[in-house]
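*Asks:* Got a structure for you, questions after.
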Amino acid sequence: MLESIGKVIATEKVPTTIDTFCFWTQPEMILHPFDVVKVDHLNNSTTFGVIEEISHITDSASFLSSFISNDFGDAEIEDTTFRIGMNCVKAKVVGNTKHIDSPVLSNTKVYLATREEVEKALGLDNIKNPVCCGFLEMYEDAGEKITLPVNINSDFLIGPEGAHLNISGISGLAAKTSYAMFLLKSIQDKYIKKAEEQEESEYDDGVAFVVFNVKGKDLLAIDEINDFENNEDIRKNVLKEYEDLGLTTKPFQNVTYLYPASNNNTKNSYVDKDQFSRQKSKKKAFEYKFDYEKDKQNLDLMFANIDDPNQTMDAIINYIVSGQGKFNNIVEWNRFIEVVEDMGKAGNTSKDKEIPVMSWRKFARMIKKSISHNCLFGTVHEDDSEVRIADKIQKIKANDVYVVDMAKLDSNMQAFVFGNTVREIMDYQLGEKTEVFEDGRKPPSRIVIFIDELNKYASTETPKNSPIIRQILDIAERGRSLGVVLFGAEQFMSAIHTRVTGNCAAFAYGRTNAIEVSKTNYKYIPKVYQSMMTRLKPGEYIVQSFSFNSLLHIKFPLPIYRQFK
């Protein structure tokens with residue numbers, strides 16, 4: 001039989017309520033925030049609580065009493081006055097075994113929970129459609145340590161009950177991307193296993209993934225196993241952690257890399273030449289380009305971060321896309337730039353005088369900066385592993401992972417590539433899908449998009465007329481029903497548009513600073529948990545989801561795919 005660790009206390013000023021209760025413990029008892037405790041309650045039921053705050057109090061009336069009893073401030077002598085002290089622990093009620101919503105009674109014994117009781121208290125038992133999102137450790141210093149995997153209901157992560165995940169935290173700790181990729185691997189493991197267990201004709205619940213590489217070579221070898229810097233001990237420990245969580249020890253499968261096209265004069269990617277050749281020989285790597293005739297309608301995405309209150313840029317783009325004036329017969333980018341420059345010359349004889357020449361000049365400067373002499377814009381030679389992103393999106397299948405590299409592109413081009421890809425995904429999901437691919441497989445029912453540095457495209461300061469913010473809002477608000485799920489990561493969640501975060505069904509809070517947690521976005525999180533956010537280590541997150549009865553402090557293993565220094 002478990003020994004009690006304390007008793008509930010209720011006073012006139014601090015009563016127990018249906019939401020919280022306090023209890024005392026011995027000063028030597030070491031508990032931690034997020035630990036689960038249980039209290040016997042009415043009708044032989046049990047009430048569970050999650051620890052929020054821990055304080056130590058004595059019978060001393062003021063700080064001055066201690067000063068005086070130590071011979072007026074002599075820190076070297078023994079205190080001559082014995083003080084009665086105890087730890088006071090505040091816990092939040094997370095459930096009752098018989099659903100009794102009544103405050104726990106004073107002087108009732110408090111116990112640590114068993115492993116099964118912890119799962120029940122936090123809502124981790126009987127999770128439907130489970131997807132592993134990490135593991136938690138409890139009672140590290142208070143008794144027998146409990147370690148248990150944490151599964152989230154995928155219906156609340158990638159739909160249909162809820163969708164979208166927001167991950168926040170300070171950069172440099174290699175945490176946000178690692179955690180997002182851990183979740184994506186967990187989802188892929190689940191659905192690959194599901195596909196293997198079902199007949200091809202019955203399998204209609206596939207998930208595909210499109211991830212954007214925005215930093216160096218971070219995600220350019222996710223189908224290769226991590227060498228863990230040849231440290232055998234670390235390798236064994238990490239592989240065991242994956243096995244304990246019920247995951248495979250393989251890196252990502254069915255990966256396709258889409259690199260921006262490069263030539264001898266311009267290198268648009270950080271990928272090594274040998275690595276690209278190796279991936280290309282396995283038909284895993286392609287170079288993407290943009291074709292004038294097929295991609296000109298996406299020119300607005302290049303101006304996503306530019307405030308255009310008079311909508312002159314919009315007017316110019318509409319003029320071009322509709323093929324007015326000299327833009328009627330253009331089929332390639334160089335001729336397009338020539339015509340744009342002509343429109344900005346003095347004495348422009350164009351019949352359309354509604355767009356000022358100065359606006360054409362501004363447009364020409366901006367468009368030439370991105371397009372001129374850039375091999376990304378040119379004829380697509382499919383026989384040389386060149387593709388359009390839109391064409392590849394049309395071929396994405398269940399359990400495929402597309403990595404779109406744009407780390408070396410400037411911010412305007414990154415916005416263009418990101419916006420172009422997202423627009424194609426939305427069009428693909430909105431349009432009539434191919435019922436069955438040529439090889440007999442079916443298209444995915446959901447596509448998960450992961451983008452780091454979401455603040456570049458969906459911050460509170462993004463111009464309201466930005467076409468990318470409109471697309472992201474569309475995904476946030478309609479994506480769940482359309483099968484498009486957004487996993488976004490950024491340093492500060494408070495910088496993200498409220499309609500984006502407001503539609504997220506799950507949040508992962510990494511280490512952040514005190515200024516960030518003082519923002520209104522965190523006001524519903526207990527102060528102690530807010531303080532903990534400033535001290536979280538790499539590999540630790542505080543996770544919130546409808547699947548759970550409380551915020552969870554979870555950990556996750558090192559990436560299993562190849563890492564670059």
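*Asks:* Just the residues that are within 16 Å of the chain's Cα centre (by Cα) and assigned to a loop (DSSP other than H, G, I, E, B), please, taken from segment 503-545. Lay out the reasoning, then the answer.
*Replies:* At the first step, the residues of segment 503-545 found to be within 16 Å of the chain's Cα centre (by Cα) are 503-512, 538-545.
Hits for segment 503-545 are Asn503, Cys504, Ala505, Gly510, Arg511, Thr512, Pro538, Gly539.
*Asks:* Among the numbered criteria (1) buried (at least 19 other Cβ atoms within 10 Å of the Cβ); (2) out of contact with any Gly (no Cβ under 7 Å at 6 or more places or on another chain); (3) of a type outside the set (Gly, Ala, Ser); (4) under 27 Å from Asp223 (Cβ atoms), which one does Leu486 miss?
*Replies:* (2)
*Asks:* Output the residues belonging to segment 94-111 that are open to solvent by 30 Å² or more (accessible area, probe 1.4 Å) and under 29 Å from Leu245 (Cβ atoms).
*Replies:* Thr97
*Asks:* Sort out which residues of segment 132-188 are more than 13 Å from the chain's Cα centre (by Cα), of a type in the set (Phe, Trp, Tyr) and farther than 22 Å from Ile472 by Cα, and write them in order of number.
*Replies:* Phe135, Tyr139
*Asks:* Given Phe72, Phe67, which one is part of a helix (DSSP H, G or I), farther than 22 Å from Asp141 by Cβ and over 39 Å from the mean Cα position of the chain (by Cα)? Show your work before the answer.
*Replies:* On the way: Phe72 fails: part of a helix (DSSP H, G or I).
Selected residue: Phe67, the only one of Phe72, Phe67 that is part of a helix (DSSP H, G or I), farther than 22 Å from Asp141 by Cβ and over 39 Å from the mean Cα position of the chain (by Cα).
*Asks:* Which one is nearest to Phe450 (Cα to Cα) among residues in segment 463-502 that are of a type in the set (Ser, Thr, Tyr) and not in a loop (DSSP other than H, G, I, E, B)? Let's see the steps before the verdict.
*Replies:* Start the filter on segment 463-502 by keeping residues that are of a type in the set (Ser, Thr, Tyr), which leaves 466, 481, 494, 498, 501.
Subsequent filtering for residues that are not in a loop (DSSP other than H, G, I, E, B) retains 481, 494, 498, 501.
Working: Ser481: 18, Ser494: 19, Thr498: 19, Thr501: 15 Å.
Taking the candidates together, the pick is Thr501.
*Asks:* Also, quick follow-up: Against the conditions (1) open to solvent by 50 Å² or more (accessible area, probe 1.4 Å); (2) closer than 20 Å to Phe135 by Cβ, where does Met532 fall short? Just the number, please.
*Replies:* Among (1) open to solvent by 50 Å² or more (accessible area, probe 1.4 Å); (2) closer than 20 Å to Phe135 by Cβ, Met532 violates only (1).
*Asks:* Give me the pairs, please: first residue somewhere in segment 260-273 and surrounded by 12 or more Cβ atoms within 10 Å (Cβ to Cβ), second residue anywhere and among the β-branched types (Val, Ile, Thr), beta-carbon distance under 8 Å, and either six or more positions apart or on two chains.
*Replies:* Final answer for the pair search is Pro260/Val417.
*Asks:* Of the residues that sit in segment 25-40 and are in a loop (DSSP other than H, G, I, E, B) and of a type outside the set (A, V, I, L, M, F, W, C), which one is least open to solvent (accessible area, probe 1.4 Å)? So that I can check it myself, show each step before the final result.
*Replies:* We begin by selecting, within segment 25-40, every residue in a loop (DSSP other than H, G, I, E, B); these are 26-35.
Then drop every residue that is not of a type outside the set (A, V, I, L, M, F, W, C), which leaves 26-28, 32-33, 35.
On the way: Gln26: 106, Pro27: 55, Glu28: 138, His32: 59, Pro33: 34, Asp35: 6 Å².
Going through the qualifying residues, I end up with Asp35.
*Asks:* Follow-up question, since we're still on this one. State yes or no: is Asn513 open to solvent by 40 Å² or more (accessible area, probe 1.4 Å) and in contact with a Phe, Trp or Tyr (Cβ under 9 Å, 6 or more places away or on another chain)? Give the derivation first.
*Replies:* Values: open to solvent by 40 Å² or more (accessible area, probe 1.4 Å): yes; in contact with a Phe, Trp or Tyr (Cβ under 9 Å, 6 or more places away or on another chain): yes.
Judged against the criteria, Asn513 is a match.
*Asks:* Further, regarding this structure: Just to verify a result, which residue in segment 299-343, among those that are β-branched (Val, Ile, Thr) and under 18 Å from Gly419 (Cα atoms), is surrounded by the most Cβ atoms within 10 Å (Cβ to Cβ)?
*Replies:* So, considering only residues that are β-branched (Val, Ile, Thr) and under 18 Å from Gly419 (Cα atoms), the one surrounded by the most Cβ atoms within 10 Å (Cβ to Cβ) is Ile317.
*Asks:* Criterion first (free of Cβ contacts under 8 Å to residues at least 12 places away in the same chain and more than 27 Å from Asp400 (Cβ to Cβ)) does Lys565 satisfy it?
*Replies:* Details: free of Cβ contacts under 8 Å to residues at least 12 places away in the same chain: yes; more than 27 Å from Asp400 (Cβ to Cβ): yes.
Spelling it out, Lys565 is indeed free of Cβ contacts under 8 Å to residues at least 12 places away in the same chain and more than 27 Å from Asp400 (Cβ to Cβ).
*Asks:* Among the residues of segment 278-312, count how many are of a type in the set (S, T, N, Q), within 29 Å of the chain's Cα centre (by Cα) and not in a helix (DSSP H, G or I). Let's see the steps before the verdict.
*Replies:* Narrowing segment 278-312 to residues of a type in the set (S, T, N, Q): 279, 281, 297-298, 305, 310-312.
Keeping just the survivors that are within 29 Å of the chain's Cα centre (by Cα) gives 279, 298, 305.
This time we only want the ones that are not in a helix (DSSP H, G or I), so: 305.
Residues flagged as of a type in the set (S, T, N, Q), within 29 Å of the chain's Cα centre (by Cα) and not in a helix (DSSP H, G or I) within segment 278-312 amount to 1.
*Asks:* In segment 465-483, what residues are of a type outside the set (A, V, I, L, M), in contact with a helix residue (DSSP H, G or I) (Cβ under 9 Å, 6 or more places away or on another chain), surrounded by 17 or more Cβ atoms within 10 Å (Cβ to Cβ) and at negative phi?
*Replies:* Asn465, Ser466, Pro467, Gln471, Gly479
*Asks:* Continuing with this model, one more query. Just give me the residues in segment 240-274 being closer than 21 Å to Leu219 by Cβ and among the aliphatic types (A, V, I, L, M), in sequence order.
*Replies:* Leu247, Val255, Leu258, Ala261, Val271
*Asks:* Among the numbered conditions (1) at pLDDT 90 or above; (2) out of contact with any strand residue (DSSP E or B) (no Cβ under 7 Å at 6 or more places or on another chain); (3) closer than 29 Å to Ser102 by Cα, tell me where Glu3 comes up short.
*Replies:* Failing condition for Glu3: (1).
*Asks:* For the list (1) at pLDDT 90 or above; (2) out of contact with any Asp or Glu (no Cβ under 7 Å at 6 or more places or on another chain); (3) open to solvent by 10 Å² or more (accessible area, probe 1.4 Å), I need the number of the one condition that Asn503 fails.
*Replies:* Against the list (1) at pLDDT 90 or above; (2) out of contact with any Asp or Glu (no Cβ under 7 Å at 6 or more places or on another chain); (3) open to solvent by 10 Å² or more (accessible area, probe 1.4 Å), Asn503 comes up short only on (2).
*Asks:* In this structure, does Ile5 turn out to be open to solvent by less than 80 Å² (accessible area, probe 1.4 Å), β-branched (Val, Ile, Thr) and part of a strand (DSSP E or B)? Full working, then the answer.
*Replies:* On the way: open to solvent by less than 80 Å² (accessible area, probe 1.4 Å): yes; β-branched (Val, Ile, Thr): yes; part of a strand (DSSP E or B): yes.
Criteria met by Ile5.
*Asks:* Among the residues of segment 356-413, count how many are assigned to a loop (DSSP other than H, G, I, E, B), open to solvent by 10 Å² or more (accessible area, probe 1.4 Å) and not polar (S, T, N, Q).
*Replies:* So the answer is 14.
*Asks:* Filter the strands (runs of 3 or more DSSP E) completely within segment 146-249 down to those with at least 3 residues that are among the hydrophobic types (A, V, I, L, M, F, W, C), in contact (Cβ under 8 Å) with a residue 12 or more places away in the chain and surrounded by 21 or more Cβ atoms within 10 Å (Cβ to Cβ). Give the derivation first.
*Replies:* Working: elements: 146-153, 165-168, 207-213.
By residue number, 207-213.
*Asks:* For segment 243-277, which residues satisfy the criterion of being more than 23 Å from Lys397 (Cα to Cα), of a type in the set (Val, Ile, Thr) and out of contact with any strand residue (DSSP E or B) (no Cβ under 9 Å at 6 or more places or on another chain)? Talk me through it step by step, then tell me what you get.
*Replies:* Filtering segment 243-277 down to residues more than 23 Å from Lys397 (Cα to Cα) leaves 243-246, 261-275, 277.
Checking which are of a type in the set (Val, Ile, Thr) leaves us with 266, 271.
Matches in segment 243-277: Thr266 only.
The values are calculated or read from the model by the stated rules, or taken from the named source; none is laboratory data. Keep in mind that this is a model prediction, so the values were computed, not measured. Reconstructed Cβ throughout: ideal geometry from the backbone, glycine too, with neighbour counts over all protein chains shown. Accessible surface is based on the protein model in full, side chains and every heavy atom, while ligands, DNA and RNA are left aside. Shrake-Rupley method; radii C 1.70, N 1.55, O 1.52, S 1.80 Å.
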